[in-house]
Amino acid sequence: MSVHLIHAIPSPQEWMALRRSVGWATFPDDAVKKSLAATPFCVCAYDGETLVGMARILGDGVISFYIGNVMIHPDYQNSGVGKAILNEIMAYLREHAAPGAIASLLSIKGKEEFYTQFGFETRPDETHGCGMSIHF
């Protein structure tokens, strides 16, 4: 396995294929193009020319950051690809986040421990309530 990382936004087709590989919902092409175009930073893992993992940052780029679409193709899970991607994401945050800024994410159930190694804390805690979401 010769996986390499790049800082780039994947094509809509690559993004949708990776989503399908991990069992996530897919979206219409026009929605995918708009969503990916609004990505300020993205790390992609490729094996040859095949996208096998990624994560992207969304937000205002200074104070509020959301780490989303952390996806690793099932054939590459537990191989270090996810950790390498998150290390790149964390380096970006250390460079761009203002003092006091917050980066958040929604972990897939059972994957919380993966994120705690990077300093993320589960919620609720003594300061924060639980994470919340709404689906449309």
Region 98-136, residues that are loosely packed, with under 10 Cβ neighbours inside 10 Å and of a type in the set (S, T, N, Q): Gln117, Thr127, Ser133
Strands (runs of 3 or more DSSP E) contained entirely in region 1-101, each with at least 2 residues that are under 21 Å from Gln117 (Cα atoms) and in contact with a strand residue (DSSP E or B) (Cβ under 8 Å, 6 or more places away or on another chain): 41-47, 50-59, 64-72
Filter pass, Ile57 being among the aliphatic types (A, V, I, L, M), buried (at least 18 other Cβ atoms within 10 Å of the Cβ) and modelled with pLDDT of 95 or more: yes
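The values are calculated or read from the model by the stated rules, or taken from the named source; none is laboratory data. Please read these numbers as outputs of a predicted model, since none were measured by experiment. All Cβ positions, even for glycine, are placed from backbone atoms using ideal geometry, and neighbour counts span all protein chains on display.
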